[in-house]
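These notes concern the structure reproduced below.
The values are calculated or read from the model by the stated rules, or taken from the named source; none is laboratory data. Here the structure is a predicted model, which means the values were calculated and not measured. A quick note on method: Cβ atoms are made from the backbone with ideal geometry, for glycine too, and the neighbour counts reach across all protein chains shown.
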């Protein structure tokens with residue numbers, strides 16, 4: 001028995017051992033970094049897709065791209081952004097920091113963790129393999145052209161011949177299995193792996209929010225996976241779930257898709273809230289305001305978000321009382337979301353705010369998320385949505401959330417935790433250039449994008465006629481993309497440059513309070529020499545201020 | 001640590017700041033909403049949702065204005081508080097290096113910023129539900145004009161069941177006078193994939209979904225041409241599936257109906273083209289009433305020349321454009337399902353000449 005479980009090291013070259021080490025690792029930190037790097041690569045790819053689309057839309061009746069290429073680009077851009085950028089990026093940070101913050105040595109199921117990552121990775125690679133299959137690469141190979149929402153019956157073989165749609169289905173099926181594995185792991189880790197003293201009420205909000213996210217992943221991804229199986233059945237096995245000619249219901253696909261699709265939005269935003277809830281207090285030099293309310297609001301959003309999906313379907317022709325129900329549930333989400341914003345505001349209040357780059361991104365997040373939330377209330381008003389639905393207003397709204405909210409929170413997380421992950425600081429100078437150029441680009445693109453929506457411009461059109469009054473707004477949006485691309489270049493340069501040449505970080509460069517800063521940067525494989533024991537939500541505050549520890553007040 | 005005293009004081013200051021900010025922004029919004037209503041935004045775009053000309057669009061416009069005012073007020077208040085906090089509580093150059101007072105929370109404040117949003121949600125929900133009911137559950141009057149709109153990849157067909165004819169891509173409806181309302185009720189069907197009927201100045205959008213018949217209605221108050229386009233991604237040429245609604249006086253509308261009800265003109269001078277329409281199998285997809293052509297796959301061509309545009313609104317209906325279209329439809333409109341039929345230039349001229357007679 002004993003000899004079986006001992007790995008016998010084979011002689012191998014240094015580089016080969018590094019590669020094998022990463023391929024075979026079950027260490028949550030390495031897996032976290034792989035998620036993040038993987039997501040960064042896809043971020044750049046989806047950004048390039050966006051650039052091509054913005055060139056096409058900058059002027060009316062442009063001939064830069066043809067219709068099919070454009071349709072493929074927006075399908076790939078959306079699918080990539082949700083499944084292969086935002087989710088892996090957030091899972092990556094969660095993977096790296098949930099165990100560290102709760103004083104654990106690893107995730108609950110390290111092998112499931114590695115399996116989940118590789119499934120997600122394989123999903124993305126499979127999706128992009130479609131570019132190299134059939135057709136000419138210039139026109140997008142046989143990349144899917146059905147939209148990231150893939151409404152039936154456009155996905156039926158009659159309307160989507162070839163294998164583009166199959167690539168899409170299988171890629172998401174595979175990645176979905178990975179996501180479900182990650183969800184299981186987050187829930188189990190947070191519930192079972194906390195260090196002594198860390199009751200649920202003493203966990204960092206980061207852990208709470210990843211717990212809720214994990215649970216939501218389980219509930220939300222499963223219907224999508226089921227729907228993908230049905231669609232595969234329709235395309236290959238002669239089933240008729242969504243085939244109207246045989247009595248199937250295209251509307252049923254919409255329900256399946258959105259009961260995944262809306263909780264998905266919160267699966268992305270709640271980990272972003274987690275970043276903000278950790279970073280904002282540190283740079284305000286204050287404890288998070290209203291911790292119990294923040295936890296309750298997070299759980300509340302998690303629950304309510306499972307009952308709002310049909311607000312994506314106000315134009316589908318639901319009965320008036322059905323529409324009214326989803327108006328109500330959707331508007332109710334605004335209440336816990338508001339609670340969060342107010343608690344963050346109260347955390348700033350009376351603090352000593354330090355404007356380091358992570359904090360700049362956090363503050364921009366607050367303003368932008370506020371606006372994205374308010375346009376969300378407009379869209380929740382079903383009659384207003386009858387006009388705005390599937391228009392550029394919606395595109396502007398959710399990019400406000402996904403770029404202005406989630407991506408800004410991710411940038412904050414990069415600047416904040418990069419020192420912990422690599423042992424080196426990111427350059428503050430480059431960081432500030434990155435921040436300000438990104439802010440300019442973001443607002444040029446997405447503020448002005450609301451207007452053509454109000455002027456009747458639908459989404460997913462590769463061209464539009466002159467004389468609709470949309471041209472100038474689209475031109476401004478496209479110009480903004482130049483700034484955003486420049487900002488991303490600076491960011492990537494900063495990552496690479498600082499990785500090799502950045503100032504040494506030390507264990508605790510931000511004078512922070514959660515457990516990850518109690519170990520070395522980067523942490524050793526086993527995270528902590530001795531398993532820590534905590535008495536409050538800010539164990540490092542207690543150590544730094546023995547005369548006035550948190551546990552006296554919590 | 002100044003916990004109890006500092007906390008009470010700060011709570012009080014925050015409350016005062018909220019109150020004064022609220023007063024300031026109420027005034028701003030009053031001015032903003034006044035100018036919002038006063039400016040006529042129609043010239044901005046022929047598809048401006050804030051230039052409604054029909055009851056459903058107007059109802060939406062009113063509730064939109066209300067929601068914009070409320071969200072605008074929230075924006076001004078929260079934005080100001082955030083901006084104030086970020087500016088006021090920045091770390092100063094002469095900072096003493098001490099941590100600020102640690103405040104862990106306040107149940108009263110949590111209660112306040114829970115109850116207040118709940119109240120706002122109640123108000124917003126009730127006013128929204130009212131508009132949903134008014135627009136969606138409006139009873140169809142017995143004398144309403146009925147149209148069955150069918151979405152196809154990538155064009156629209158319109159059947160007028162009361163008048164027994166059908167046409168394509170250009171919808172004609174009578175203007176509706178407030179004293180004598182003549183609304184048009186559209187039954188929305190799809191022949192293939194999902195589409196969405198959206199003419200922003202007349203009504204919000206409603207989807208056309210296979211196996212899921214929908215209804216929408218309009219009662220345009222002004223004569224004129226209203227534009228829109230398909231708003232649900234329906235495949236390759238989704239962007240080229242434009243909508244045109246011609247709102248006419250009741251007399252003009254009746255004249256148009258009368259003309260549409262007639263069978264096609266039979267002009268002996270274009271007999272070659274008419275024969276080609278059969279031998280080249282055009283009749284299999286298109287209807288020309290009064291001839292053997294009775295296909296339902298493509299647009300009804302009985303009165304093709306009564307339309308201003310072809311190819312679902314993307315091209316003016318000129319002989320050159322028509323010829324270009326017939327020569328290679330997919331070259332004009334990518335993804336168009338009408339096949340390219342092999343024809344000599346002469347045959348192309350003959351068939352175009354024939355179609356030109358279909359007044």
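Of all the listed residues (A:297, A:287, A:274), the sole one being within 14 Å of chain B (Cβ to nearest Cβ) and assigned to a helix (DSSP H, G or I) is A:297. Of all residues in segment B:184-207, those being within 9 Å of chain A (Cβ to nearest Cβ), under 15 Å from residue B:238 (Cα atoms) and assigned to a strand (DSSP E or B) number 3.
Against the definition (over 28 Å from residue A:455 (Cα atoms), within 9 Å of chain A (Cβ to nearest Cβ) and at pLDDT 95 or above), how does residue B:79 come out, yes or no? Here the answer is no, as residue B:79 does not meet what is asked. Can you name the residue in segment B:320-332 that is part of a helix (DSSP H, G or I) and away from chain A (no Cβ under 14 Å) and is also surrounded by the fewest Cβ atoms within 10 Å (Cβ to Cβ) among such residues? That would be B:320.
Can you name every residue in segment A:41-67 that is part of a loop (DSSP other than H, G, I, E, B) and within 14 Å of residue A:479 (Cβ to Cβ)?
First, the residues of segment A:41-67 that are part of a loop (DSSP other than H, G, I, E, B): A:58-66.
Across segment A:41-67, the qualifying residues are A:58, A:59.
Only residues that are part of a loop (DSSP other than H, G, I, E, B), within 18 Å of residue A:435 (Cβ to Cβ) and facing chain B (nearest Cβ under 10 Å) were counted across segment A:349-403, and they come to 2. Out of the residues in segment A:460-472 that are in contact (Cβ under 8 Å) with a residue 24 or more places away in the chain and more than 10 Å from chain B (Cβ to nearest Cβ), which is surrounded by the fewest Cβ atoms within 10 Å (Cβ to Cβ)? Checked segment A:460-472; the qualifying residue surrounded by the fewest Cβ atoms within 10 Å (Cβ to Cβ) is A:466. State whether the residues of segment B:342-353 include one that is assigned to a loop (DSSP other than H, G, I, E, B) and surrounded by fewer than 13 Cβ atoms within 10 Å (Cβ to Cβ). Looking through segment B:342-353, at least one residue is assigned to a loop (DSSP other than H, G, I, E, B) and surrounded by fewer than 13 Cβ atoms within 10 Å (Cβ to Cβ).
With respect to being free of Cβ contacts under 8 Å to residues at least 60 places away in the same chain, more than 24 Å from residue B:197 (Cβ to Cβ), within 8 Å of chain B (Cβ to nearest Cβ) and in contact with a strand residue (DSSP E or B) (Cβ under 9 Å, 6 or more places away or on another chain), residue A:341 falls outside the description. With respect to residue B:335, is the statement that it is within 14 Å of another protein chain (Cβ to nearest Cβ), in a loop (DSSP other than H, G, I, E, B) and in contact with a helix residue (DSSP H, G or I) (Cβ under 7 Å, 6 or more places away or on another chain) true? Yes; evaluated as a whole, the condition is true for this residue. Within segment B:184-198, none of the residues are surrounded by fewer than 21 Cβ atoms within 10 Å (Cβ to Cβ), modelled with pLDDT under 95 and not assigned by TED's automatic domain parsing to the domain that holds residue B:330. If you go through segment A:327-338 and pick out every residue that is more than 7 Å from chain B (Cβ to nearest Cβ) and either over 18 Å from the mean Cα position of the chain (by Cα) or over 14 Å from residue B:120 (Cβ atoms) (or both), you end up with 4. Against the test of being surrounded by fewer than 24 Cβ atoms within 10 Å (Cβ to Cβ) and within 14 Å of another protein chain (Cβ to nearest Cβ), the options B:223, B:123 yield a single qualifying residue, B:123. Taken as a whole, the structure leaves residue B:239 outside the set of residues that are closer than 28 Å to residue A:145 by Cα, touching a residue at least 24 places away in the same chain (Cβ under 8 Å) and touching a helix residue (DSSP H, G or I) at 6+ places or on another chain (Cβ under 7 Å).
Output the strands (runs of 3 or more DSSP E) that fall wholly within segment B:101-183 and possess 2 or more residues being at pLDDT 95 or above and under 14 Å from residue B:219 (Cα atoms), or say none.
Filter on segment B:101-183 gives B:145-152, B:170-174.
Can we say residue A:85 is on the phi < 0 side of the Ramachandran plot, crowded, with 21+ Cβ neighbours inside 10 Å, modelled with pLDDT of 95 or more and part of a helix (DSSP H, G or I)? Yes, satisfied. Residue count for segment B:131-150 satisfying the condition of being free of Cβ contacts under 8 Å to residues at least 60 places away in the same chain, surrounded by 13 or more Cβ atoms within 10 Å (Cβ to Cβ) and within 10 Å of chain A (Cβ to nearest Cβ): 3.
Residue by residue, here is whether (1) buried (at least 24 other Cβ atoms within 10 Å of the Cβ); (2) within 14 Å of chain B (Cβ to nearest Cβ); (3) under 19 Å from the mean Cα position of the chain (by Cα) holds:
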{"residue": "A:229", "(1), (2), (3)": "no, no, no"}
{"residue": "A:238", "(1), (2), (3)": "no, no, no"}
{"residue": "A:244", "(1), (2), (3)": "no, yes, no"}
{"residue": "A:262", "(1), (2), (3)": "no, no, yes"}
{"residue": "A:307", "(1), (2), (3)": "no, no, no"}
{"residue": "A:310", "(1), (2), (3)": "no, yes, no"}
{"residue": "A:316", "(1), (2), (3)": "no, yes, no"}
{"residue": "A:325", "(1), (2), (3)": "no, yes, no"}
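Only a single criterion out of (1) surrounded by fewer than 20 Cβ atoms within 10 Å (Cβ to Cβ); (2) touching a helix residue (DSSP H, G or I) at 6+ places or on another chain (Cβ under 6 Å); (3) within 30 Å of residue A:463 (Cα to Cα) is not satisfied by residue B:305, namely (2).
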